[in-house]
Amino acid sequence: MSRRHSVNRPPTPDVRDDDDDDRSKEPTLLEIVNIKLIESGEKERMMELVRERLVECGWKDEMRALCRAFIKKNGKDNVNVDDLVRAITPKGRASIPDSVKAELLQKIRAFLVSVAH
């Protein structure tokens, strides 16, 4: 028998066993890696590396120009930060050079190998 769900609200979740709650409290692999990155200070070093590389390749200036163009097009009184972020984020993510992504991925892999041993 299929229940119809309201368009205006999500379906009511099924009742869970207490065992499920215990498993959901365990950190995921992603959370464990993130904690290790933060504790070691490696996350901040990687963030700084990405910032430097994005400045070096002109990405930051390109994003600044896109923001200015968006504001000019829509009028500075008609744009808020959320609008700007919504408009620019997809373009910004898509335009990050592959070399920057590859270097960061290599750093992440090296970090994972170092903490695994």
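The values are calculated or read from the model by the stated rules, or taken from the named source; none is laboratory data. Here the structure is a predicted model, which is why all the values come from computation and not from measurement. Neighbour counts are summed over all protein chains in view; Cβ atoms, including those assigned to glycine, are modelled from backbone coordinates with ideal geometry. Just the protein is used for accessible areas: all its heavy atoms, side chains included, with ligands, DNA and RNA removed. Shrake-Rupley method; radii C 1.70, N 1.55, O 1.52, S 1.80 Å.
Search the range 21-69 for residues being over 15 Å from Ser114 (Cα atoms) and not in a helix (DSSP H, G or I), and hand back the single one that is most open to solvent (accessible area, probe 1.4 Å). That would be Glu26.
Taking the numbered list (1) hydrophobic (A, V, I, L, M, F, W, C); (2) in contact with a helix residue (DSSP H, G or I) (Cβ under 7 Å, 6 or more places away or on another chain); (3) at pLDDT below 95 in turn, Val81 passes all entries but (2). Here Ala102 clears all of (1) in contact (Cβ under 8 Å) with a residue 40 or more places away in the chain; (2) out of contact with any helix residue (DSSP H, G or I) (no Cβ under 6 Å at 6 or more places or on another chain) except the condition numbered (1).
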